[in-house]
Amino acid sequence: MSSTSKNHDQEFYQEIGEKGGETTAKNHDKEFYQEIGEKGGKATSKNQDKEFYQEIGEKGGKSTNKRDND
């Protein structure tokens, strides 16, 4: 662990992460996010099995169902 990480708490890193995300969003368009999402999806599919996708699909379905019923 570097001396820098010892001097900052989780909130600090969340704040700088948000600032970085906002800056990235200002500098990139929809196509950029589609492209990196597709790359991430392909990489994930190489490392995960059918059960992984069933589990995340179930979680997404529960989340959607909860929103629809609120």
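The values are calculated or read from the model by the stated rules, or taken from the named source; none is laboratory data. Keep in mind the model is a prediction, meaning the values are calculated, not measured. When we count neighbours, we look across all protein chains shown, and the Cβ atoms used for this are built from the backbone with ideal geometry, even at glycine. Each accessible area value is taken on the protein alone, full model and side chains, heavy atoms only, with ligands, DNA and RNA left out. Shrake-Rupley method; radii C 1.70, N 1.55, O 1.52, S 1.80 Å.
Beta carbons closer than 6 Å, at least 6 apart along the sequence or on distinct chains, never pair a first residue in the range 17-43 that is hydrophobic (A, V, I, L, M, F, W, C) and open to solvent by 100 Å² or more (accessible area, probe 1.4 Å) with a second that is modelled with pLDDT of 95 or more and part of a helix (DSSP H, G or I).
Filter the range 44-54 for residues that are within 29 Å of THR24 (Cβ to Cβ) and open to solvent by 100 Å² or more (accessible area, probe 1.4 Å) and give the result.
Kept after step one, since they are within 29 Å of THR24 (Cβ to Cβ), are these residues of the range 44-54: 44-48, 52-53.
Passing the criteria: LYS46, ASN47.
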